[in-house]
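Heads up: the structure comes next, in structure tokens.
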Amino acid sequence: MAEFRIAPDLVAAENDKRAAALKSDYEALGATLARRGVDIEAVTRKVSEFFVAVPSWGVGTGGTRFARFPGTGEPRGIFDKLDDCAVIQQLTRATPKVSLHIPWDKADPRELRAKGDALGLGFDAMNSNTFSDAPGQAHSYKFGSLSHVDAATRAQAVEHNIECIEIGKAIGSKALTVWIGDGSNFPGQTNFTKAFERYLSAMADIYKALPDDWRLFSEHKMYEPAFYSTVVQDWGTNYLIAQTLGPKAQCLVDLGHHAPNTNIEMIVARLIQFGKLGGFHFNDSKYGDDDLDAGAIEPYRLFLVFNELVDAERRGVNDFNPAHMIDQSHNVTDPIESLISSANEIRRAYAQALIVDRNALGEYQDANDALMASETLKRAYRADVEPILAEARRHAGGAIDPVATYRASGYRRKVAAERPVSVAGGGGII
């Protein structure tokens, strides 16, 4: 039995206020979808079975390259973070696993697993950190990690990733995500070919340490913190990495790690086609790696990504099991509310993709009817599927309106009284 952080009676009382309206809205939507040949109950079941992992770092107040503005009741460490993550799962019933970042979340694995079990949480992919220096480490990553010119620095970065695997094995994780900030800021600073060769060699050492039932996700990013060149800068390079390393290596797509206007949904389709889509870091962006809430800027793009995922699911693509994780962190909202919102928006895009008339879409595509193919997608996207999302939450014991219920609980006020006020307001991305 999970240790609920918000009183179940309060959740039930909040749901009672909204139950009649939800029943009416759900029945009305069901009738509308039935006219299209869609069974609302079948869609609701699939939505209720779709889960996305929350990032441990996302429940703290984020930062920018220039400043950080601490929030109230910030978690003091990984165990406070897990408490906050449990609230998100309690209210949304969409986030049963947490993705940890080492060394930020380093703790005794037995204690981590016990805390997770008590809260009804599991652990998703582990995330290594060789893009900043940890206290006491022998070699700096200022000029790179897995691609560094110095063999000892590369070995240190490899060993850190292997440590992440060992921690993950102890807590039930099944994947390692590797993102590096390696690159250059001036032309001529780095030999592109040699840097990539060093990276591949180091990644091969990490790959050898993977258990048989694990996956290795490499993550690409166009720029930042390196602004002239980045070692793993795009999906093509990422695909080469996964192909070179072996079958357990796959590509992770972060929606904020691309140039503006990049056709991310087509990248997703290509990686699915060649069996190398490992999963996602969901967020949203206006300019670059903004780490905004999922669906905050381009909800239609999020839907188009899920359109490709549902298409693959319906086609029965072999070994199709992408990992779904949120990766967001910023200054201006309560981070628990933002993660609740993102989990719901991700499920919304999935629900909308499930109601696309795929037979009609295929016919319009085969007939080169561009307008009607586009309208078929828009018809599903325009549908208000909120009653499906709310019913999926309610049926699983969550909140019909999770943000309103969270605010009614006073959780932030309570933890603010328990946790010392953070005074760290320095610059730098957390």
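How high is the relative contact order of the chain, given as a whole-number percent (alpha carbon pairs under 8 Å, six or more residues apart)?
Relative contact order of the chain: 24 percent.
Check which residues have an amide H placed less than 5 Å from residue 323's amide H, if you skip close sequence neighbours.
Under 5 Å from the amide H of residue 323 lie the amide H atoms of 279, 280, each far enough along the sequence or on another chain.
Under a cut-off of 22 Å between alpha-carbon atoms, report the lysines in cross-link reach of residue 23, not counting same-chain residues fewer than 8 places apart.
Straight-distance partners of residue 23: 46.
Applying a 10 Å radius around every beta-carbon, put 380-389, 29-38 in order of their mean neighbour count, most first.
Ranked from most to least packed, the peptides come out as 380-389, 29-38.
How far, in nm, would the chain grow between residue 49 and residue 151 when pulled straight, counting 0.36 nm per residue and subtracting the alpha carbon separation? Don't skip to the end; give the middle numbers.
On the way: separation 102, 0.36 × 102 = 36.72 nm, distance 4.54 nm.
My answer for the length gained is 32.2 nm.
What order, most packed first, do the peptides 158-165, 141-148, 10-17 have when packing is the mean number of other Cβ atoms within 10 Å of each residue?
Answer by packing, highest mean first, reads 141-148, 158-165, 10-17.
State, as an integer percentage, the relative contact order of segment 1-108 based on alpha-carbon contacts under 8 Å between residues 6 or more apart.
So the answer I get is 31 percent.
Between segment 153-228 and segment 81-131, what is the separation of their alpha carbon centroids in Å?
Cα centroid of segment 153-228 versus Cα centroid of segment 81-131: 22 Å apart.
Classify segment 69-165: rounded, prolate or oblate, from the alpha-carbon gyration tensor (a ≥ b ≥ c, eigenvalue square roots; a/c under 1.5 rounded; otherwise prolate if a/b is larger than b/c)?
Values: a/c = 2.65, a/b = 2.05, b/c = 1.29.
Here segment 69-165 falls in the prolate category.
Using alpha-carbon pairs under 8 Å, 6+ residues apart, how would you state the relative contact order of segment 162-294 in percent?
22 percent
So the label point goes 7 Å from the Cα of residue 318 along Cα→C-beta, right? Which residues of segment 267-291 then have their backbone N under 16 Å from it?
It comes to 272-277, nothing else.
Which entries of 142/174; 194/221; 81/276; 174/378 have Cα-Cα distances beyond 27 Å here? Could the numbers behind the result be given before it?
Details: 142/174 30 Å; 194/221 19 Å; 81/276 31 Å; 174/378 36 Å.
The pairs that break the limit, which is 27 Å between Cα atoms, are 142/174; 81/276; 174/378.
Please state the charge dipole magnitude for the chain, taken about the Cα centre, from unit charges on C-beta atoms (+1 on K and R, -1 on D and E), reported in debye and rounded to the nearest 20.
260 debye
Take residue 76 and residue 234, extend 7 Å from each Cα along the Cα→Cβ direction, and tell me the distance between the two endpoints in nm.
Modelled inter-label distance: 4.8 nm.
Please compute the net charge surrounding residue 61, taking Lys and Arg as +1 and Asp and Glu as -1 over other residues with Cβ under 10 Å from its Cβ.
-1
In segment 10-167, what percent of the accessible surface is made up of carbon and sulfur (1.4 Å probe, ligands and nucleic acids excluded)?
55 percent
For residue 108 and residue 193, FRET efficiency with R0 = 41 Å and r from the beta-carbon atoms, rounded to 0.05? Show your work: numbers first, answer last.
On the way: r = 42 Å, r/R0 = 1.04.
FRET efficiency, residue 193 to residue 108: 0.45.
So with the 1.4 Å probe, I'd like the accessible area per residue for segment 120-244, rounded to whole Å².
44 Å²
If I model a spin label as a point 7 Å beyond the Cα along the Cα-Cβ vector, how far apart are those points for residue 137 and residue 17 in nm?
Inter-label distance under the simple model: 4.7 nm.
May I ask you to list the aspartates and glutamates whose Cα is less than 15 Å away from that of residue 208, ignoring any residue fewer than eight positions away on the same chain?
159, 163, 166
Residue 69 to residue 159: FRET efficiency via 1/(1 + (r/R0)^6), r the Cβ-Cβ distance, R0 30 Å, to the nearest 0.05?
Calculated transfer efficiency: 0.30.
Mind running the shape call on the chain? Use the C-alpha gyration tensor, a ≥ b ≥ c as the square roots of the eigenvalues: rounded below 1.5 for a/c, prolate if a/b tops b/c, oblate otherwise.
Working: a/c = 1.87, a/b = 1.23, b/c = 1.53.
Verdict is oblate for the chain.
Among 358-368, 88-98, 106-116, 241-251, what's the highest-first ranking by average C-beta atoms within 10 angstrom per residue?
Numbers: 358-368: 13.5, 88-98: 25.6, 106-116: 15.6, 241-251: 19.2.
So the order, starting with the most tightly packed, is 88-98, 241-251, 106-116, 358-368.
Report, by chain and number, residues whose modeled amide H sits under 5 Å from the one on residue 122, excluding near sequence neighbours (fewer than 5 apart, same chain).
97, 98
Which one, 288, 329, 73, is farthest towards the positive end of the dipole of the chain when Lys and Arg carry +1 and Asp and Glu -1 on their Cβ?
73
Classify segment 1-135 as rounded, prolate or oblate, taking a ≥ b ≥ c as the square roots of the eigenvalues of its Cα gyration tensor: rounded when a/c is under 1.5, otherwise prolate if a/b is larger than b/c and oblate if not.
Prolate, since a/c reaches 1.5 and a/b exceeds b/c.
The values are calculated or read from the model by the stated rules, or taken from the named source; none is laboratory data. Quick caveat: nothing in here was measured; it's all calculated off a predicted structure. With ideal geometry, Cβ positions are generated from the backbone for all residues, glycine too; neighbour counts draw on all protein chains shown. Accessible surface is based on the protein model in full, side chains and every heavy atom, while ligands, DNA and RNA are left aside. Shrake-Rupley method; radii C 1.70, N 1.55, O 1.52, S 1.80 Å.
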